[in-house]
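The values are calculated or read from the model by the stated rules, or taken from the named source; none is laboratory data. Here the structure is a predicted model, which means the values were calculated and not measured. We place every Cβ from the backbone using ideal geometry, glycine too, and count neighbours over all the protein chains shown. Each accessible area value is taken on the protein alone, full model and side chains, heavy atoms only, with ligands, DNA and RNA left out. Shrake-Rupley method; radii C 1.70, N 1.55, O 1.52, S 1.80 Å.
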Amino acid sequence: MSESTPNDILSWENLIYIADFLQNSQERMFRILGGEPTLHPQFNSMVIYLLERGFDVSVFTSGVINDNVLHEMGSLFSQLPPNRLTFICNLNDPDKTRTPIAEQEAVRRFLRTMGPRVLPGFNIYRTDFSLDFLFKLINEFGLQRHIRLGIAHPIVGKKNLHISLDQMEKVIHSLFLNRPMFERMRVKPGLDCGFPMCKFSDDQLAWLMRYTGGKSEFGCGPVVDIGPDMTVWPCFPLSSFHKRSLLEFNSLREIHEFYDHIHQAVRVEAGGIYPECDGCWLREDRICFGGCLAHNLRHFKDELPVRMKEMYQ
Ligand code: SF4
């Protein structure tokens, strides 16, 4: 925090503007992210404000939360209906990551305090992973029986650890090694964006559809992120792609239409992450969206600048 500048902290004025903007756009969900949102000195007060304005609030957190803030959260929010305030907590496998003991204990305190409000998440950034540690935490702290599974995608304009295209099948293989535990623990897998449908076998797709009640999607599209400085961008991997100011738009729909148009322009240049995406009937029928757009934009940057100018902004 010592290095943070005022721009990194959402002001009350901007929060109120965004709340007005979303309510005028008939959006009832308010999703709060960071870095780590609970580091904001007004975090609890801002959550109360949003709840009192009728928003259902969802907080993406690492679970590493200052004890005083966590204690106050526990007393403030314990009586709230679960759907009004949920926490999506991305958890790391302590056996596979060098997470300091102090952080692991902080996460356990958070899970103990907020257990039933917590939807566990796991970001897949390597091919050899196991979810056993997550099933154990779900059971121990009574977390929601759903795991949000995200793939670490490339970030356009940056160098980050991510799953490459030729690693997708290994990732799906590792995921399905957890199938027996999903069934025994009655936990549902939730696929986040950018999974290529064709890399799943028919048996795996059938299990996913049956087990998630047909809720598995193979999407890629603008989720719309809003920064503390009121800039907007399509999603995390595209956080520097066609950045705009929220003040340029009158509604959430206008922002989605703006970025949908750009997504379509990229999909004209390249249908998806694989050459076979062009002409794939699953993409034509919008069953699979062709994987994460960030892969295509990175490819464009590595080649001669022959594409439409929108591809390079
Ligand atoms: S659109 Fe591309 S990623 Fe999706 S199923 Fe077709 S070929 Fe696979």
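Evaluate the stretch 17-30: report whether one residue or more is out of contact with any Pro (no Cβ under 7 Å at 6 or more places or on another chain), within 24 Å of Leu91 (Cα to Cα) and open to solvent by less than 70 Å² (accessible area, probe 1.4 Å).
yes
So if I check each of Ser216, Ser174, which one is of a type in the set (Gly, Ala, Ser), modelled with pLDDT of 95 or more and more than 30 Å from Asp8 (Cα to Cα)?
Ser174 is the lone residue from the list that is of a type in the set (Gly, Ala, Ser), modelled with pLDDT of 95 or more and more than 30 Å from Asp8 (Cα to Cα).
Restricting attention to the stretch 112-145, and to residues there that are assigned to a strand (DSSP E or B) and either open to solvent by 50 Å² or more (accessible area, probe 1.4 Å) or β-branched (Val, Ile, Thr) (or both), which single residue is nearest to Thr61 (Cα to Cα)?
That would be Val118.
Looking at the stretch 209-232, which of the residues that are part of a helix (DSSP H, G or I) and more than 16 Å from the ligand (Cβ to nearest atom) is most open to solvent (accessible area, probe 1.4 Å)? Reasoning before the result, please.
First, pick out the residues of the stretch 209-232 that are part of a helix (DSSP H, G or I): 209-211.
Filter once more, so that each one left must be more than 16 Å from the ligand (Cβ to nearest atom): 210-211.
Numbers: Arg210: 161, Tyr211: 46 Å².
If we take residues in the stretch 209-232 being part of a helix (DSSP H, G or I) and more than 16 Å from the ligand (Cβ to nearest atom), then Arg210 is most open to solvent (accessible area, probe 1.4 Å).
Looking only at the stretch 163-198, which residues are in a loop (DSSP other than H, G, I, E, B), open to solvent by less than 10 Å² (accessible area, probe 1.4 Å), within 24 Å of Leu293 (Cβ to Cβ) and hydrophobic (A, V, I, L, M, F, W, C)?
Ile163, Phe195 - these are the residues of the stretch 163-198 that are in a loop (DSSP other than H, G, I, E, B), open to solvent by less than 10 Å² (accessible area, probe 1.4 Å), within 24 Å of Leu293 (Cβ to Cβ) and hydrophobic (A, V, I, L, M, F, W, C).
Which of (1) more than 17 Å from Asp166 (Cα to Cα); (2) assigned to a helix (DSSP H, G or I) does Glu276 not meet, given it meets every other one?
Here Glu276 clears every test but (1).
Of all residues in the stretch 146-162 being open to solvent by 40 Å² or more (accessible area, probe 1.4 Å) and not in a loop (DSSP other than H, G, I, E, B), which is nearest to Trp233 (Cα to Cα)?
Out of the qualifying residues, it is Arg148.
Can you name every residue in the stretch 255-271 that is open to solvent by less than 30 Å² (accessible area, probe 1.4 Å) and more than 16 Å from the ligand (Cβ to nearest atom)? Working first, answer last.
Taking the stretch 255-271 and keeping what is open to solvent by less than 30 Å² (accessible area, probe 1.4 Å), we get 255, 259, 262-263, 265-266, 270-271.
Within the stretch 255-271, Ile255, Tyr259, Ile262, Ala265 meet the criteria.
Go through (1) at positive phi; (2) more than 16 Å from the ligand (Cβ to nearest atom) for Lys243 and report which single condition fails.
Single failed check for Lys243: (1).
I'd like the full set of residues that are under 22 Å from the mean Cα position of the chain (by Cα) and among the β-branched types (Val, Ile, Thr), limited to the stretch 255-299.
Ile255, Ile262, Val266, Ile273, Ile287
Does Arg109 count as within 26 Å of Lys136 (Cα to Cα) and open to solvent by 80 Å² or more (accessible area, probe 1.4 Å)?
yes
Output the residues belonging to the stretch 282-302 that are of a type in the set (A, V, I, L, M), part of a helix (DSSP H, G or I) and more than 7 Å from the ligand (Cβ to nearest atom).
Within the stretch 282-302, Leu293, Ala294, Leu297 meet the criteria.
Scan the stretch 76-91 for residues that are touching a strand residue (DSSP E or B) at 6+ places or on another chain (Cβ under 8 Å) and either open to solvent by 40 Å² or more (accessible area, probe 1.4 Å) or not hydroxyl-bearing (Ser, Thr, Tyr) (or both) and jot them down.
Phe77, Asn83, Arg84, Leu85, Phe87, Ile88, Cys89, Asn90, Leu91
Has the stretch 233-252 got at least one residue that is without any contact (Cβ under 8 Å) to a residue 24 or more places away in the chain, of a type in the set (D, E, K, R) and either surrounded by 20 or more Cβ atoms within 10 Å (Cβ to Cβ) or not in a strand (DSSP E or B) (or both)?
Checked against the condition, which is being without any contact (Cβ under 8 Å) to a residue 24 or more places away in the chain, of a type in the set (D, E, K, R) and either surrounded by 20 or more Cβ atoms within 10 Å (Cβ to Cβ) or not in a strand (DSSP E or B) (or both), the stretch 233-252 yields at least one hit.
Please enumerate the residues belonging to the stretch 295-311 that are hydrophobic (A, V, I, L, M, F, W, C) and open to solvent by 100 Å² or more (accessible area, probe 1.4 Å).
Passing the criteria: Leu304, Val306.
Taking into account only those residues within the stretch 193-208 that are of a type in the set (D, E, K, R) and within 15 Å of the ligand (Cβ to nearest atom), which is nearest to the chain's Cα centre (by Cα)? Lay out the reasoning, then the answer.
Step one: of the stretch 193-208, the residues of a type in the set (D, E, K, R) are 199, 202-203.
With the extra rule that they be within 15 Å of the ligand (Cβ to nearest atom), the set shrinks to 199, 202.
Values: Lys199: 21, Asp202: 26 Å.
Checked the stretch 193-208; the qualifying residue nearest to the chain's Cα centre (by Cα) is Lys199.
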